[in-house]
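Following: one structure in structure tokens, then a few remarks.
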Amino acid sequence: FLLMSTEEYGLEITNNGPITTGAQATVHASLSMKNDSVTSNLYHFNWIYAPLILIEKSERRFNSVINVTGEFPGTFPVSVWVTHRNCWLCRPVARNVTVLQITEFITGNLTIAQIEDSRFITHGSSSSTGAVTRISFCLHDPSNYFKSASFVYNWDFGDGVYQITKEPFVYYNCSTMGNRTVHLKVIAEWEQIGSIIHERETVQKTGDFTTALELLDAVKSINVVGSRETHVMENLSLSLHINGTPPLALCWLIKSECIPLEGEKCHLVVINGSCYNLSHIFSDAGRYCLSVRVENGMTMLQTYHEIKVWPTGIHPAFFVLLCITLVSVTLGLVLYTTFRSNTQQKDLVEVADFDFSPLSDKNLPSHSESGCGQICCRSCFLRSSQEAARESHELLHSFYKPVKMYTV
């Protein structure tokens, strides 16, 4: 926070804590002038840091820096006020205070990064299932206090898996989604000369750290379900099915060409499920492309869906279907007519009915005696062609009905 005696000056104060006991912290104070009319350039910085121990102090025209250390853990205020150099007893032109935290433990923090395209990408506490995740410990030692120490790292991944390393990082791969807490115990050892007996003694410090690890399923696929063709001023409905762990940030855009989506120059929505429905009405005919980008904080995936917009009227596919229907009906009628004519066609056969009984011979007139061959056997047909023709003529005038009709 900032305290000032006038509104003409501003004083900012910061420190690089927290630190461990025995290490050094740096406190920095910087004076600024808000009014250009202020011409004085001689200032003095007055510090209050007790019970901390001052290691070093430096002062320039508009800033001052002190290095302090503490032998006991706790939270210690460090304050500063600024006066004109030629008037130390005058009212301060600005003052401010900061709080320095000192602990007996190792200070640092855990970071989580995921390997993507041979690079380590940080997504906060989230990581993707099935991908290699690196969990790293970053030691906070601004004064290089642990320069001669050796470290041992005990990892607990919260799922029954433990690991001990001498490096401040570990690689972890898990295929199960869910939230878990990673625990790390850091042990540092080094030798130093004792302050009392002046002999070398082993010093050990420890630190316990935890971080939340959220394992999400990466966005693996985007399936666009819907027609690829529509008409002008017709509502086109599409359904997007996404394989990934929600919540999902979905960005879609319809243009005349497929383009990669970057930033927020699109229709951006956040969905908590795996399906999203969208609709669009085209005012002009032509070819269009639906570009879709989906990300869930871990991975990002894009896909494209081409759309053909026809002018208002009958769709060309209807003409094709109509032509196919007409050809099919015509072919069916031809086949039906041919089959029916074959089944109903009748053959007429002319059969002569001869009666060779004696009774029929007696009823014949007497002038037919000269043509005995007319009632004799089939050998009569061996006569000359003239006689055969005459006999045939007589047979057509038989006493009985000469012809019978048979249906075959």
- Note on the structure: Of (1) under 30 Å from GLY158 (Cα atoms); (2) surrounded by 13 or more Cβ atoms within 10 Å (Cβ to Cβ), VAL232 satisfies every one except (1)
- Query: Can you name the residue in segment 113-142 that is under 19 Å from ALA212 (Cβ atoms) and at pLDDT 85 or above and is also surrounded by the most Cβ atoms within 10 Å (Cβ to Cβ) among such residues?
  - Reply: PHE137
- Task: Evaluate the following for PRO316: is it more than 17 Å from the chain's Cα centre (by Cα) and modelled with pLDDT under 90?
- Result: yes
- What are the residue pairs meeting all of these: first residue in segment 228-240, first residue farther than 17 Å from SER291 by Cβ and of a type in the set (Ser, Thr, Tyr), second residue open to solvent by 20 Å² or more (accessible area, probe 1.4 Å) and part of a loop (DSSP other than H, G, I, E, B), Cβ atoms under 9 Å, and 6 or more apart or on different chains? SER237/GLY226; SER237/SER227
- Message: If a residue must be in contact with a Ser or Thr (Cβ under 7 Å, 6 or more places away or on another chain), of a type outside the set (D, E, K, R) and assigned to a loop (DSSP other than H, G, I, E, B), how many such residues does segment 177-232 contain?
- Response: 5
- Any hit, segment 168-183, residues being under 26 Å from ILE19 (Cβ atoms) and of a type in the set (Lys, Arg): no
- Kindly provide the set of residues from segment 143-153 that are in a strand (DSSP E or B) and surrounded by 15 or more Cβ atoms within 10 Å (Cβ to Cβ), ordered by number. PHE151, TYR153
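The values are calculated or read from the model by the stated rules, or taken from the named source; none is laboratory data. Everything numeric in this text was worked out from a predicted model, so none of it was measured. When we count neighbours, we look across all protein chains shown, and the Cβ atoms used for this are built from the backbone with ideal geometry, even at glycine. What goes into the accessible areas is simple: the full protein's heavy atoms, side chains included, and nothing from ligands, DNA or RNA. Shrake-Rupley method; radii C 1.70, N 1.55, O 1.52, S 1.80 Å.
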